[in-house]
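Working notes, structure below.
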Amino acid sequence: PTPTIPGKRQVVQSAQLILGVAPRRIDDVSQQVFDVIGQEKGYVNGSNVTSGGSDGNAFFQLSVPSSNLTATLAALSELKGAHVVSRTDNTNDITGQVGGAGQRLAEARALRQSLLKQLANATTTAQVTSIQARLHDANASIASDLSTLRGLQRQVAYSNITLRIQSTTAPPPVTHHQSGGFSIGKAAHDAGRVLVVVAGVALIALAVMVPVGLVAALLAWAGFAVRRRRRDEALRRDPAP
C-alpha cells in the first residue's frame, strides 16, 4: 500500500443527496447519474430504479475519487429535470487508525524477517517446527494488517455518495401579492376610488338641494307678493292729501 505521508491528515469523506424529479423523468435523471459517475472516474456500487406511476424512485450507492467529490456533487445537484431536496456532507478523520494499522504491519513484517533468519540457522527438527509455526502466525498477521490498511486507505482515496431520487410534483408558480406599504400604483388606485366616492356624494347632495332651492324661491316670491298687496290696500284706504 501507499505509505502514509507524515503530517498529512487521513480524512474519510461521504455525502447523502436527495433529488426530486417529476415521475416521468425518473429514468432520464437516473441515466444522467451513470453519465456523471463515468465522467468523474467513479463507480456505481449498487442501484435500484423504479419508474412508472406517481411513486417512482431510484437509489444509488456511488464511489468517486475523493479529489473529484466536490465536482461530482455539483454535477449531480444540477442534473437536468431534477432539483435538490436535501444534502448532507460528512467527514471523519482516521489518521490514528491508518497510523496504527501501518505500525502493526511493519512490526509483523519485521518479525517475519527475524523468523526467516532463525529458520535458516535452525539445527534441530524441533527448532524448525517451532519457527515455522511462528512464521505462519506472522504471515496471518501481515495479511490481516495489510487488508486493514488498504481498506482505510481506500476510504480516504474514494468517497461514498448515497443518492436517492424521489418523485415530486412541480411547485406552483409563485404569485406576488402586495399588501400594505405604499406604491405609486396603489396610491393611484386609492385616489381613483376616493374621487368616485366624492362624485357620488356630490350628485346626491345636488339632487337634494335643487328641490329645496325651488321651494325657498317660491316662498320668497309669495311673501313679496303678499306684502305688496297689503301696501296697495293701505294706500287706497288712506289717499294722500
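The values are calculated or read from the model by the stated rules, or taken from the named source; none is laboratory data. Computed from a predicted structure; not experimentally measured. No Cβ is skipped: glycine too gets one built from the backbone with ideal geometry, and neighbour counts run over all protein chains shown. Please note that ligands, DNA and RNA were not included when accessible areas were found on the heavy atoms of the full protein model with its side chains. Shrake-Rupley method; radii C 1.70, N 1.55, O 1.52, S 1.80 Å.
For the range 88-143, which whole-number percentage of the solvent-accessible area (1.4 Å probe, protein heavy atoms only) is attributable to carbon and sulfur atoms?
Percent of accessible area from carbon and sulfur atoms in the range 88-143: 52.
If each of Gln127 and Asn45 carries a label point 7 Å out from its Cα toward its Cβ, how far apart are those two points in nm?
5.0
Can you compute the FRET efficiency between Ala71 and Leu119 using 1/(1 + (r/R0)^6), with r the Cβ-Cβ distance and R0 = 35 Å? Round to the nearest 0.05.
0.10
On average, how much accessible surface per residue is there in the range 31-128, in Å², for a 1.4 Å probe, leaving out ligands, DNA and RNA?
Counting only protein heavy atoms, the per-residue value for the range 31-128 is 59 Å².
Grab the Cα-Cα distance for Arg87 and Arg9, subtract it from 0.36 nm times how many residues apart they are, and report the gain in nm with one decimal.
Working: separation 78, 0.36 × 78 = 28.08 nm, distance 2.46 nm.
This chain segment gains 25.6 nm when fully extended.
For the pair His136 and Asp55, what calculated FRET efficiency results from E = 1/(1 + (r/R0)^6), where r is the Cβ-Cβ distance and R0 = 51 Å, to the nearest 0.05?
Values: r = 56 Å, r/R0 = 1.10.
So, using R0 = 51 Å, E works out to roughly 0.35.
Apply the Karplus curve 6.51 cos²θ - 1.76 cosθ + 1.60, θ = phi - 60°, to the phi angles in the range 19-31 and return the couplings in whole Hz, x for Gly and Pro.
Residue by residue, the range 19-31 yields 10, x, 9, 5, x, 6, 9, 4, 5, 4, 5, 4, 5 Hz.
Hey, any idea what % of the range 36-85's accessible area is carbon plus sulfur with a 1.4 Å probe?
Details: 1230 of 2620 Å².
Solvent-exposed carbon and sulfur of the range 36-85 make up 47 percent of the total.
Can you run phi through the Karplus equation (6.51, -1.76, 1.60; θ = phi - 60°) for the range 108-123 and list ³J(HN,Hα) in whole Hz, with x for Gly and Pro?
Per residue, the Karplus-derived 3J(HN,Hα) values read 5, 5, 5, 5, 4, 4, 5, 5, 5, 5, 5, 5, 5, 9, 5, 10 Hz.
Amide H neighbours of Ile94 under 5 Å, at least 5 residues apart or on other chains, H built in the peptide plane: list them.
HN-HN under 5 Å from Ile94: Gln10, Val11, Val12.
Hey, can you rank 155-162, 133-140 by average C-beta count inside 10 Å, highest first?
Numbers: 155-162: 19.9, 133-140: 14.1.
Ranking the peptides 155-162, 133-140 by packing returns 155-162, 133-140.
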